[in-house]
Amino acid sequence: ARKAAAVDAPPPIVPPQRTQAPSAETATAPPPPAPSAPAKAATGNGTATDAVFIIEAANVLQTGSNAKGPWALYGIKTTSGQVFKSFSDAHFEAAQNAAEFGVAVRIVWEEKTYKGTLEKNLKSIVEAA
């Protein structure tokens, strides 16, 4: 009878070993998070974009009334100079609070052309994580 030839198993994989713990002098803190770059996500009416901003001001741009009742158009300006518009009282209140306390917020918006002008319509505003 023949004996099967011995098969050598591959050597075990051993990750490199640290010879000593890093000292406080060589250890570095992780870099601070980079500002959020706008991200695009598909929505039912087009493309929504979101990014983190600091709110500079929130103002009433126009008021009026129609068959649905009274309305107000709000303008929300960021420290980077972007202006978002919304008819939502909740968006306006959130923007006023963020401006007052200097809190970073994540804004989701859609860009639409209205009477030949590209406008940024605010869809949501929440405190940034």
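The values are calculated or read from the model by the stated rules, or taken from the named source; none is laboratory data. Please read all numbers here as calculations on a predicted model, not as lab measurements.
Which of the residues that make up the range 97-121 are over 13 Å from the mean Cα position of the chain (by Cα), closer than 16 Å to Thr79 by Cα and assigned to a strand (DSSP E or B)?
Within the range 97-121, Lys120 is the sole residue that qualifies.
Under 19 Å from the mean Cα position of the chain (by Cα) and modelled with pLDDT under 95: is that true of Lys40 in this structure? Before you say what the answer is, go through the steps one by one.
Working: under 19 Å from the mean Cα position of the chain (by Cα): yes; modelled with pLDDT under 95: yes.
Criteria met by Lys40.
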